[in-house]
Amino acid sequence: STLGDCITLRPPSIDTMTSLQLATKARSLNVANPVARLYRSIVKELPRVLMIYDIDTPLSEARDSVRQQFQKNSHIQDPRVLNMLLEKGYMDLEEILLQHAQRPHLIRKLNGGNLEYLESTRFRLSPKSSEQDFFNRD
């Protein structure tokens, strides 16, 4: 018997893959208002998301942007469409938390689909900056 006979290659199971499976977990919960649950989940993760992606948008503006996105779809009554939007919301949140989304994509979502790219308002040091520039910045 050779070493190759003893080793069998199996694809990784879902449990071993890196995923949060937020939509699956949310689906298993019986909540009176699943839309509010998604909204609270997103707002809860906003500070971490803004830090991970280095976005200088104030937290209050980011919350307002998320609220506007939810209000944009508040007229929807069809349960099938509502479930599809909930699934998409959880999938988007999971992709963002796992850092599968790129920074410009997230900025576009926070700007309500606006394609304008917001530059950081922080003073950034260049490679030629001196120590004095470092200490003088805000």
Self-check item: Extension reserve of the SER130-SER60 stretch, reckoned as 0.36 nm per residue once the Cα distance is removed
Solution: 21.8 nm
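What Kirkwood hydrodynamic radius, in Å, does the range 42-104 give when the mean of 1/r is taken over all pairs of distinct Cα atoms and then inverted? Before the final figure, lay out each step's value.
Values: mean 1/r = 0.0782 Å⁻¹.
After inverting the mean inverse Cα-Cα distance, the result is 12.8 Å.
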Quiz item: Cross-link partners among lysines for LYS72, C-alpha distance below 22 Å, same-chain residues fewer than 8 apart left out?
Solution: LYS44, LYS88, LYS109
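How much net charge surrounds ILE96 when only other residues with a Cβ under 12 Å from its Cβ are counted (Lys, Arg +1; Asp, Glu -1)? Could you put the intermediate results ahead of the total?
Values: positive: ARG48, ARG103, LYS109; negative: GLU45, ASP92, GLU94, GLU95.
Residues near ILE96 contribute -1 overall.
Every read-out reported here was derived from the displayed coordinates using simple, explicitly stated rules and does not represent laboratory data. Given the structure is predicted, the values throughout are model-derived calculations rather than measurements. We place every Cβ from the backbone using ideal geometry, glycine too, and count neighbours over all the protein chains shown.
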